[in-house]
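The values are calculated or read from the model by the stated rules, or taken from the named source; none is laboratory data. Values in this document were obtained by computation on a predicted structure and should not be read as measured data. Reconstructed Cβ throughout: ideal geometry from the backbone, glycine too, with neighbour counts over all protein chains shown.
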Amino acid sequence: MLLDHVVQNYPINTIEDTAEWYRETMALQRFWSIDDKITTSEYSAMKAWLITSDDQKVQMTLAEAVPGRKGISQIEEFVAYNGGPGIQHIALRVDDIVATVTEMRKRSIEFLHVPSSYYDILEDRLKNSKVELKEDIAKLRELCILMDFDDNGYLLQLFTKPVQDRPTLFIEIIQRRNFNGFGAGNFKALFDAVEREQRLRGTLYDEN
């Protein structure tokens, strides 16, 4: 098991200055970004930047809420409960995600739910792809494992629920098969899953 990457949450309108600090201090460069056109809902939105070292051995994502929605963003909720910016999740890379997650579930580790419709869409996408999935997609569906891919390879990932009694730090389990991407194709799925948890906690809606 190795550290793959970390994701950090920040207050509104701060990731640009934060990324500049990482560039000047640690020579980390902006690699790609996700804007609020992708990670958005009726209630909230967010944007994120991936910054990385030249050799891509150091990778982290900086995320912030986008104002103007009628709900409370999961990023705003995190910052409030965390007492400021901090690490939202730590991604741990494994060689066999199915075996790892099966064992974690036996030990009562709880993971974010992924709707069955995600896998229906995934199966259709795979039919038009050159990638050869070595794992059983039915098992991925059963375990709520997400997949992102291109013509060269793919990654598998899933996310625990928060490890504390507050909606702060959680863990990602990730496996890579000839794929150096960051799971950008699953950002929306993760965003929606965390928002569902917010709705269950009753913290998604802004009553003001």
Go through region 99-138 and give me each residue that's within 18 Å of the chain's Cα centre (by Cα), of a type in the set (Val, Ile, Thr) and crowded, with 17+ Cβ neighbours inside 10 Å.
VAL101, VAL114
If you scan region 113-130, which residues turn out to be outside any helix (DSSP H, G or I) and in contact with a strand residue (DSSP E or B) (Cβ under 7 Å, 6 or more places away or on another chain)?
VAL114, SER129
For region 96-124, give me the residue count where each residue is over 22 Å from VAL7 (Cβ atoms) and in contact (Cβ under 8 Å) with a residue 24 or more places away in the chain.
6
Being in a strand (DSSP E or B) and crowded, with 17+ Cβ neighbours inside 10 Å is the filter here, so list the residues in region 78-91 that pass it.
GLN88, HIS89, ALA91
Only one of these conditions is not met by ASN180: (1) without any contact (Cβ under 8 Å) to a residue 40 or more places away in the chain; (2) closer than 27 Å to VAL58 by Cα; (3) surrounded by fewer than 17 Cβ atoms within 10 Å (Cβ to Cβ). Which number is it?
(1)
Being touching a strand residue (DSSP E or B) at 6+ places or on another chain (Cβ under 7 Å) and not aliphatic (A, V, I, L, M): is that true of SER73 here?
yes
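Table: residues versus (1) closer than 25 Å to ASP165 by Cβ; (2) among the aromatic types (Phe, Trp, Tyr); (3) assigned to a helix (DSSP H, G or I).
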site	(1), (2), (3)
ASN9	yes, no, no
ASN13	no, no, no
THR18	no, no, yes
PHE31	no, yes, no
ALA48	no, no, no
PRO67	no, no, no
GLU76	yes, no, yes
THR100	yes, no, yes
SER108	yes, no, no
Options LYS57, LYS70: the member that is touching a residue at least 60 places away in the same chain (Cβ under 8 Å), more than 19 Å from PHE170 (Cα to Cα) and of a type in the set (D, E, K, R):
LYS70
ARG141: basic (Lys, Arg), under 19 Å from the mean Cα position of the chain (by Cα) and either surrounded by 17 or more Cβ atoms within 10 Å (Cβ to Cβ) or closer than 18 Å to LEU3 by Cβ (or both), yes or no?
no
Consider only pairs whose beta carbons are under 7 Å apart and that are at least six residues apart or on different chains; among these, list those whose first residue lies in region 126-141 and is within 20 Å of PRO115 (Cβ to Cβ) and modelled with pLDDT of 90 or more and whose second residue is basic (Lys, Arg) and surrounded by 10 or more Cβ atoms within 10 Å (Cβ to Cβ).
none
Residue list for region 73-96, restricted to those being under 16 Å from the mean Cα position of the chain (by Cα) and within 23 Å of LYS57 (Cα to Cα)
GLY86, ILE87, GLN88, HIS89, ILE90, ALA91, LEU92, ARG93
Filter region 181-208 for residues that are outside any helix (DSSP H, G or I) and over 30 Å from ASP55 (Cα atoms); the one that is modelled with the highest pLDDT is GLY202
